[in-house]
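Here the structure comes first, spelled out in structure tokens, and everything after it is commentary.
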Amino acid sequence: MAENVILEIDDKKYNLPLIIGTEGEKGINILKLRDQTGCIAYDPGFGNTASCDSKITYINGENGIMRYHGIPIEQLAEGSDFIEVAYLLIWGKIPTAQERRHFSDLLTDNALIHENLKSHFEGFPSSAHPMAMLSAMINALGCYHHDLGKIEGEDELGPEQQLEVLAARLISKIRTIAAFSYKMSRGEPFIYPDPNLRYVSNFLHMMFSLPHKHYEAMPEVAKALDMILMLHADHEQNCSTTTVRMVASAGANLFSSVSAGVCALWGRLHGGANMAVINMLQQIHDGGLNAKKCIELAKDPKSDFRLMGFGHRVYKNHDPRARILKGACERLFTKLDHKDPLLDIALELEDLALNDSYFIERKLYPNVDFYSGMILRSIGIPTNMFTVMFAIGRLPGWIAHWREVHEAENMKIARPRQIYTGNKELHYVPMAQRQGVSPIESK
Ligand code: ACO
């Protein structure tokens, strides 16, 4: 295998080194491109740009492969759980029984949010979107825990232990914040975490219990939600993770970096798609659209309608997470004897799309959002909380990437360049002289 590639510009040849990843992916190292050639690389949307090297998640979009630290997602979905996967992502290994117990204890110890922080919820209108509250509250959380804003070992804890406490605080408190924002939107009293419950059951308890009525999650329900979180836990350089890394690269603390990630995730082309899928299915159900019309609209170049939950920047084959969730959804519905007309519509849409040349040619398959919403809906999670569930799931990945940025030997502030396409130099004319001429006049 060659170690360099040759780039030719105006009859001049330049040698650019090749970088090869563990799984054989090749990248052209353009670190010196501008110095050597005077050119920069142009890649809007970063579709062909590796912004970093990372050991966390491997995705092969052509073959529908996804692994966390080398372990296939299918195996984790089968035998692991969200907290073990969170540990794996951040520390790069499956925890021993003792490490797992210690981390679980830290999660339990950190489940409460500061009492003063509760009053922040009162400042939001009851109609506030839970993603707006989540982002704001995570940033506000940083005001209460600035002591652990760095992992440079400034107090009695070493950097590893500091990170462990920091990670446990965020992973535990994010679910309390999410559940409190739901309670706030309903005008119901906050329900405090129960230290005897496991991560997901505790979240569902805070969401659905009332002072006079305890909610106990069925094991199948807790397992399905745990699986959703696990499958969302990381997905390498997606939009929100790249945002976290970019903010972290400026030296920002974990809370601010994650808060920015929540905002990026909210967008409808990213984590917001799970809400959009259900809205689309609901529209079809209510008669505003039908499945065939939906497919036609998605194919129409004049319409900006997209089949939500379909297509992916990286997967040009089945999204392995969607496959696992489709099975989990069918199993859960059978177990609960739950019927949802939206599932039938989803299956019909999937069938139509997978047999349509437009979708086949463009390699558009259902992504993780296509089925996650069906499960969340059956559990009773309101649609506007779907992306919050995604954020809770994605948090360990964000933490792992934040850590990687901080520990990278070649850490650099993220600062892309651009191809400027605006005005050439113009001459500014002061107000007093502008009589009848445009405020800025060409030189
Ligand atoms: N419905 C209809 N057409 C689509 C869809 C879709 N869902 N997705 C892509 N296409 C078409 C585009 O119109 C384009 O067609 P063209 O070549 O004729 O112009 C072609 O497929 C390529 O699409 P791009 O937008 O260039 O692909 P990109 O990689 O930039 O976008 C994205 C990926 C944003 C996920 C896109 O597929 C999409 O908008 N999907 C719907 C939203 C969605 O489900 N997002 C969740 C993604 S997964 C996640 O974030 C967890």
**Request:** Filter segment 355-370 for residues that are hydroxyl-bearing (Ser, Thr, Tyr) and either near the ligand (Cβ under 9 Å from one of its atoms) or in the same structural domain as LEU225 (by TED's automatic domain parsing) (or both) and give the result.
**Result:** TYR358
**Asked** So how many residues does segment 110-140 have that are part of a helix (DSSP H, G or I) and within 26 Å of GLU404 (Cα to Cα)?
**Response** 8
**Asked** Is it the case that some residue within segment 251-270 is under 27 Å from ILE379 (Cα atoms) and of a type in the set (Ser, Thr, Tyr)?
**Response** yes
**Only one of GLY380, GLY373 that is at positive phi and either touching a residue at least 24 places away in the same chain (Cβ under 8 Å) or more than 9 Å from the ligand (Cβ to nearest atom) (or both)** = GLY380
**Message:** Looking only at segment 183-205, how many residues end up being hydroxyl-bearing (Ser, Thr, Tyr), modelled with pLDDT of 95 or more and closer than 15 Å to PHE121 by Cβ?
**Reply:** 1
**Request:** Hey, could you check segment 123-147 for residues that are out of contact with any Ser or Thr (no Cβ under 7 Å at 6 or more places or on another chain), in contact (Cβ under 8 Å) with a residue 40 or more places away in the chain and not hydrophobic (A, V, I, L, M, F, W, C) and say which is farthest from ALA168 (Cα to Cα)?
**Result:** SER127
**Prompt:** With respect to ASN48, is the statement that it is loosely packed, with under 15 Cβ neighbours inside 10 Å, within 16 Å of the ligand (Cβ to nearest atom) and not in a helix (DSSP H, G or I) true?
**Reply:** yes
**Prompt:** Across segment 75-101, what is the total count of residues that are in a helix (DSSP H, G or I) and surrounded by fewer than 16 Cβ atoms within 10 Å (Cβ to Cβ)?
**Reply:** 8
**Message:** Of everything in segment 360-399, what is surrounded by fewer than 22 Cβ atoms within 10 Å (Cβ to Cβ), touching a Lys or Arg at 6+ places or on another chain (Cβ under 8 Å) and assigned to a helix (DSSP H, G or I)? Give them in sequence order.
**Reply:** THR383
**Prompt:** Is it the case that segment 336-354 has a residue that's more than 28 Å from ILE73 (Cα to Cα), within 12 Å of the ligand (Cβ to nearest atom), surrounded by 21 or more Cβ atoms within 10 Å (Cβ to Cβ) and under 26 Å from the mean Cα position of the chain (by Cα)?
**Reply:** no
**Message:** If I ask for residues that are in contact with a Ser or Thr (Cβ under 8 Å, 6 or more places away or on another chain) and more than 21 Å from ASN410 (Cβ to Cβ), which ones from segment 233-254 would you list?
**Reply:** ASP234, HIS235
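Residues checked against (1) among the hydrophobic types (A, V, I, L, M, F, W, C); (2) touching a Phe, Trp or Tyr at 6+ places or on another chain (Cβ under 7 Å); (3) touching a residue at least 40 places away in the same chain (Cβ under 8 Å); (4) not assigned by TED's automatic domain parsing to the domain that holds ASP234:
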residue	(1), (2), (3), (4)
GLU8	no, no, no, yes
LYS13	no, no, no, yes
PRO17	no, no, no, yes
ILE28	yes, no, no, yes
LYS32	no, no, no, yes
PHE46	yes, no, yes, yes
LYS55	no, no, yes, yes
**Residue satisfying condition, being part of a helix (DSSP H, G or I), away from the ligand (no atom under 16 Å from the Cβ) and in contact (Cβ under 8 Å) with a residue 24 or more places away in the chain, within set SER240, SER181** = SER181
**Request:** Please enumerate the residues belonging to segment 219-242 that are hydroxyl-bearing (Ser, Thr, Tyr) and surrounded by 22 or more Cβ atoms within 10 Å (Cβ to Cβ).
**Result:** SER240, THR241
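Could you tell me whether any residue of segment 40-48 is in contact with a strand residue (DSSP E or B) (Cβ under 8 Å, 6 or more places away or on another chain) and of a type in the set (A, V, I, L, M, F, W, C)?
No, the conditions are met nowhere in segment 40-48.
The values are calculated or read from the model by the stated rules, or taken from the named source; none is laboratory data. On a predicted model such as this, the values are computed, not experimentally measured, just so you know. Neighbour counts run over all protein chains shown; Cβ positions are idealised from the backbone, glycine included.
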